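A quick write-up on the structure given underneath.
The values are calculated or read from the model by the stated rules, or taken from the named source; none is laboratory data. Remember, predicted model here, so these are calculated numbers, not experimental data. All Cβ positions, glycine included, derive from the backbone under ideal geometry; neighbour counts span all protein chains shown.
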2 protein chains.
Amino acid sequence: MTPAGTPGDTPRRRGRPARKDAGNGPGARQQILDAARAQFAERGYDKTSVRGIAKAAGVDAALVHHYFGTKDEMFAAAIEVSFEPALLVTPLFTADRDHIGEQLARHFIAIWENPATRAPLLAVIRSALTHEAAATVLRSFLLRRLLGRIAGELDVPNPEFRAEMAASHMIGTAFLRYVIKAEPLASADPEEIIALVAPTIQRYLTER
Amino acid sequence: MTPAGTPGDTPRRRGRPARKDAGNGPGARQQILDAARAQFAERGYDKTSVRGIAKAAGVDAALVHHYFGTKDEMFAAAIEVSFEPALLVTPLFTADRDHIGEQLARHFIAIWENPATRAPLLAVIRSALTHEAAATVLRSFLLRRLLGRIAGELDVPNPEFRAEMAASHMIGTAFLRYVIKAEPLASADPEEIIALVAPTIQRYLTER
């Protein structure tokens, strides 16, 4: 946990709302983002408010609005940070195309295996299941930033659909392994999972 | 929605808790179950109480405890009803084993396509994501009643693991199609999905 800063940490300019280059600018922006991610993860979409995020970040609610806009836009920014590791997929395609299934399976399992990257992902999925607004934000993000990126690299019919089929398998596996904790999947060696999942991903992404 | 019965609907025996064969017995049991399923689906695991279920069913909370025990046991019974259509998988295996992937994919897509069977499933998944107790109940149910049943029919190494891999794909597909509503998957013809998913399920369940 990053300790929340207080407004007294840095000198404030009088009579003006904070500016992007203000003393508490980039630092405050990051603190707000950290606080938002933590609040959405711990409390869920519904119970998180811009006011609560501001309080946790030690800034004024107006500053949250200034940097991130509405609650939904704040949620989108938090998703963006949560998915950052998952977004590093494009370079994988420039490597060995014959093993892209294994590369992607390995990449996603690594993200899910790390509790630091897993928790925010689960929080986002949880929010999407309970709130239409959160589902809308996640949909737009997933399609534009993650699945769209993967689909753009594919040479198969209906590439978006194929990318979604691959993603659905990874999401479902994560649900059974980390949420439901269904055995033997929950205790399986990641390599065992990759060995089974990789050919499926490979088929979806490359088989014409 | 079934109209909730009131205690006045049937004569009550004085001075004794309701018995299984009491006038308000089997009927009341079903009413309680209907109310429980509706409450867990609408309000989620957390906000549902035995007292609230009793009120909605028009019975005394003691009768709920009498028939179903604790809240978790009540939840397990509601899951059981919600998954009833999914449990009808065993006969599929006695049919053409070479097309079991397609049969299962078709069976599960049909369950998810029907709003009446989809809503309670989503409610259960939502509860599992937000409450450890609900996840535990779902895990025990899934393994014992659904995946265990499928695994028992398989002739592959590590059949439980294989059944979970197949299930994870179906669950993830449902999440992207019905919760996130990611296009083109959300609007795809069920047959298109079955055509892509079936070979994957087939491979997991039969390929040695």
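Key figures
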read-out	value
Unmet requirement for B:Thr94, which otherwise passes all of (1) farther than 23 Å from A:Ser127 by Cα; (2) touching a helix residue (DSSP H, G or I) at 6+ places or on another chain (Cβ under 8 Å); (3) free of Cβ contacts under 8 Å to residues at least 40 places away in the same chain	(2)
Residues that are acidic (Asp, Glu) and without any contact (Cβ under 8 Å) to a residue 24 or more places away in the chain, drawn from the stretch B:160-208	B:Glu160, B:Glu164, B:Glu183, B:Asp189, B:Glu191, B:Glu192
Test for B:Leu121: is it touching an Asp or Glu at 6+ places or on another chain (Cβ under 7 Å), part of a helix (DSSP H, G or I) and within 28 Å of A:Ala123 (Cβ to Cβ)	no
Residues that are surrounded by 22 or more Cβ atoms within 10 Å (Cβ to Cβ) and either part of a loop (DSSP other than H, G, I, E, B) or touching a Ser or Thr at 6+ places or on another chain (Cβ under 6 Å) (or both), drawn from the stretch A:156-168	A:Ser168
Condition met for B:Arg208 (in contact with a Leu (Cβ under 8 Å, 6 or more places away or on another chain), more than 10 Å from every other protein chain (Cβ to nearest Cβ), more than 29 Å from A:Gly148 (Cα to Cα) and of a type in the set (D, E, K, R))	no
Selection from the stretch B:106-133 of residues that are of a type in the set (A, V, I, L, M, F, W, C) and within 21 Å of B:Leu185 (Cβ to Cβ)	B:Phe108, B:Ile109, B:Ala110, B:Ile111, B:Trp112, B:Ala119, B:Leu121, B:Leu122, B:Ile125, B:Leu129
B:Arg177 of a type in the set (Lys, Arg) and under 25 Å from B:Ala36 (Cβ atoms)	no
Filter pass, B:Glu153 being at pLDDT below 95, closer than 19 Å to B:Pro85 by Cβ and either of a type outside the set (S, T, N, Q) or crowded, with 23+ Cβ neighbours inside 10 Å (or both)	yes
Single residue of the stretch A:158-203 satisfying the filter (within 7 Å of chain B (Cβ to nearest Cβ) and aromatic (Phe, Trp, Tyr)) that is nearest to the chain's Cα centre (by Cα)	A:Phe175
Tally of residues being at positive phi and hydroxyl-bearing (Ser, Thr, Tyr) across the stretch B:131-159	0
Residue match in the stretch A:48-62 (condition: more than 19 Å from A:Ala123 (Cα to Cα) and modelled with pLDDT under 80)	no
Counted residues, the stretch A:128-146 - those being at the interface with another protein chain (Cβ under 7 Å from one of its Cβ atoms) and modelled with pLDDT of 80 or more	6
Conditions (1) under 30 Å from A:Asp155 (Cα atoms); (2) within 14 Å of chain B (Cβ to nearest Cβ); (3) hydrophobic (A, V, I, L, M, F, W, C); number of the one not met by A:Leu122	(1)
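Yes/no per residue for (1) crowded, with 20+ Cβ neighbours inside 10 Å; (2) assigned by TED's automatic domain parsing to the domain that holds B:Ile201; (3) out of contact with any strand residue (DSSP E or B) (no Cβ under 9 Å at 6 or more places or on another chain); (4) under 22 Å from B:Ala188 (Cα atoms):
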site	(1), (2), (3), (4)
B:Lys55	no, no, yes, no
B:Val59	yes, no, yes, no
B:Asp98	no, yes, yes, no
B:Leu104	yes, yes, yes, yes
